[in-house]
Ligand code: KIV
Ligand code: ZN
């Protein structure tokens, strides 16, 4: 039976680190590499050794310490790049040289200023040179998805003949749509005569917000390796987010058609560590790892989650390493959440007390974005001390919030609705 697991190639330390604001120093890269190892990724791209002495040193250190995954180093199709990458990987147990050259006419003519023939020649030469360092050679055709298909097929055939074992076809500028990527992978793998001799890989950028959808489409179309980064960091709008790809396979196994070996419970730790090392916050509503990914404030949602979390959660926070579901108390919260939180803080409230605490909490939430446990406890203590008759928050005969009164008490819309 074919292995349902795809190869997860993590490029957080290379493509991710290349993005403005995300650079890491050598010890930080080594720390992140340890976490990627704990996460269970199959390949760690540790850096681009020719880029700087620090990058080369980081690759050397990661290669000598991290023994389980394949350690990859990036190199252009130039002799110096390949030699420096080969040297940096010397102590790796499973070294991979990842060499690349652009194949689109736009990049060849305007950026590299070389002909198609020169491109094929450089690609073949670099692949052969890399094979002298390791039997694991990856070739990437930069801007593959905007390349002429016949020419791309010719390049891919040539580098496989020269010894490339993985062929990566990046959507470098995040231009493709999922249906196009599916057609693209089918076309290449059916037209290249020696395609069965290599593993095909996808590497998608997020310029149109389609990196993950495109990666999944490529995997469905036969790619066996997916390149991605923690928190989706990377050039411009970033790369496909590792945590999203992994959780699509986990939560929607029947639709995804692929699996990964990633330990999902390490995902949140990896995301947090990266954010700490780069001092770049994770977007609050980022899928899987954002601080709102498992947070509920709206009364209806809080009530649902308290009764059965599956009402509003398609995966458990624990499954991705998030300690617990967060019920945020704010102006949209309901009585059920206030009661639960008060109980957790040690307050047993009568129905009437709960009503008073709830009203005070909403008044406070009108001024603040959210109400903390300390603030809620202070309200609950005050209500416990204050006789109901002297409490100004007690409902008047008409009731201060008619819209709320019309709602079932345990749901509560706050007054945001
Ligand atoms: O986006 C890209 O084309 C790349 C290659 C160097 C693999 O990052
Ligand atoms: Zn890239």
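Spatial offset of the stretch 335-380 relative to the stretch 262-311 amounts to 23 Å, using the alpha carbon center of each. What the Cα atoms of the chain give is an Rg and a Dmax of 26.9, 90 Å. In plain terms, the residue of 369, 286, 111, 29 with the fewest other Cβ atoms within 10 Å comes first and the most crowded comes last, giving 369, 111, 286, 29. In terms of other Cβ atoms within 10 Å, 190, 333, 370 run from fewest to most in the order 190, 370, 333. Neighbour counting of Cβ atoms within 10 Å sorts the residues 309, 96, 110, fewest neighbours leading, into 110, 309, 96.
Taking the chain as a Gaussian network of alpha-carbon nodes connected by springs under 10 Å, the highest mean-square fluctuation of the residues 174, 21, 321 belongs to 21. Highest mobility in the GNM of the chain, judged by mean-square fluctuation with C-alpha springs under 10 Å and restricted to 257, 16, 290, is found for 257.
Just for the stretch 81-214, what percent of DSSP beta bridges are antiparallel, to the closest 5?
The antiparallel proportion sits near 0 percent.
Among beta bridges from DSSP that stay inside the chain, the antiparallel ones total about 5%. Taking every alpha-carbon pair under 8 Å whose residues sit at least 6 apart, the chain reaches a relative contact order of 13 percent. Each part gets one Cα centre, and for the stretch 6-44 versus the stretch 152-172 those centres are 24 Å apart. Sorted from greatest to least, the principal axis extents spanned by the alpha carbons of the stretch 295-385 come out as 42, 26, 21 Å.
Spatial offset of the stretch 184-220 relative to the stretch 84-118 amounts to 19 Å, using the alpha carbon center of each.
Since every read-out is calculated from the coordinates, none of them should be taken as a lab result. Quantities reported herein were computed from a predicted structural model and do not represent experimental measurements. Cβ: placed from backbone, ideal geometry, glycine included. Neighbour counts: every protein chain shown.
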